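Colleague: Pasting a structure below so you can have a look.
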Amino acid sequence: MWLGPDQALAIAKAITKQLVTVDAKNADYYHSNLQKVTKDIEVAKGEIKARLSNYTNQGYFVFHDAYGYFEEAFGLKQTGHFTVDPDRKPGAKTLVKIREALVKNQAQCVFTEPQFNDGFVKSVSKHTKTKVVALDPLGISIPKNGRYVDFLYSLGNKFTECFER
């Protein structure tokens with residue numbers, strides 16, 4: 001859910017509403033913060049969408065099927081995923097199907113995640129022209145004092161890195 005900027009704004013609005021309910025004397029402060037985060041997210045969405053607009057037809061595989069909200073927000077469409085649940089390894093049929101797609105150049109990128117073993121991803125993409133890049137859907141690489149938009153930019157940058165040759 002947090003991978004989608006519109007969904008993140010809905011969360012921010014709900015949090016603001018609850019904060020105002022329990023701490024009405026600071027309502028102006030909470031509303032001001034909501035306005036700032038809304039503006040920051042809208043600017044980031046525009047910039048990321050513009051950067052990714054040249055790649056909306058690029059094929060790619062993700063490690064697991066978790067990027068729907070991000071993809072929808074930025075006009076991306078994955079070719080497929082290795083697994084629905086990151087705790088389950090993909091089956092042989094899935095790996096063969098992905099390998100065939102990579103050999104046929106139906107995907108330019110394969111995205112791994114730093115939280116999981118990517119050995120089978122590297123094995124399937126070996127000896128193809130496919131780039132392998134790590135996406136960080138949990139924001140582990142974002143400093144603790146980072147902002148949500150830093151997280152969005154980081155994801156957008158990884159997609160751009162993978163698509164640019």
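Colleague: What number of residues within the range 50-61 are exposed (fewer than 14 other Cβ atoms within 10 Å of the Cβ) and in a helix (DSSP H, G or I)?
Modeller: Residues flagged as exposed (fewer than 14 other Cβ atoms within 10 Å of the Cβ) and in a helix (DSSP H, G or I) within the range 50-61 amount to 3.
Colleague: In this structure, does GLN35 turn out to be in a helix (DSSP H, G or I) and more than 15 Å from TYR153 (Cα to Cα)?
Modeller: When the stated conditions are applied, GLN35 passes them.
Colleague: For the range 18-37: of the residues being touching a Phe, Trp or Tyr at 6+ places or on another chain (Cβ under 9 Å) and over 16 Å from ARG147 (Cα atoms), which is surrounded by the fewest Cβ atoms within 10 Å (Cβ to Cβ)?
Modeller: Ranking the candidates gives ASP23 first.
Colleague: Within the group GLU47, GLU100, GLU72, GLU42, which residue is more than 24 Å from SER154 (Cα to Cα), surrounded by fewer than 19 Cβ atoms within 10 Å (Cβ to Cβ) and charged (D, E, K, R)?
Modeller: After ruling out the rest, the residue left standing is GLU100.
Colleague: Is it the case that some residue within the range 121-144 is touching a residue at least 40 places away in the same chain (Cβ under 8 Å), among the charged types (D, E, K, R) and closer than 30 Å to ASN33 by Cβ?
Modeller: No, that holds for no residue.
Colleague: Further question on the same structure: Could you figure out which of (1) over 16 Å from ASN157 (Cα atoms); (2) modelled with pLDDT under 90; (3) surrounded by 15 or more Cβ atoms within 10 Å (Cβ to Cβ) isn't true of LYS129?
Modeller: Going through (1) over 16 Å from ASN157 (Cα atoms); (2) modelled with pLDDT under 90; (3) surrounded by 15 or more Cβ atoms within 10 Å (Cβ to Cβ) one by one, LYS129 breaks only (3).
Colleague: Could I ask something else about it? Being over 16 Å from GLY119 (Cα atoms), over 17 Å from the mean Cα position of the chain (by Cα), at pLDDT 90 or above and not hydrophobic (A, V, I, L, M, F, W, C) is the requirement here; does LYS97 meet it?
Modeller: Yes.
Colleague: Looking only at the range 106-123, count how many residues are farther than 20 Å from ALA66 by Cα and either at pLDDT 90 or above or of a type in the set (A, V, I, L, M, F, W, C) (or both).
Modeller: 1
Colleague: Read through the list (1) among the basic types (Lys, Arg); (2) surrounded by 17 or more Cβ atoms within 10 Å (Cβ to Cβ); (3) not in a helix (DSSP H, G or I), then give the number of the only condition that LYS77 fails.
Modeller: (2)
Colleague: May I pose another question? Against the definition (charged (D, E, K, R) and farther than 25 Å from LYS129 by Cα), how does ASP65 come out, yes or no?
Modeller: Judged against the criteria, ASP65 is not a match.
The values are calculated or read from the model by the stated rules, or taken from the named source; none is laboratory data. If you're wondering where the values come from, they're calculated on a predicted model, not measured in any experiment. Reconstructed Cβ throughout: ideal geometry from the backbone, glycine too, with neighbour counts over all protein chains shown.
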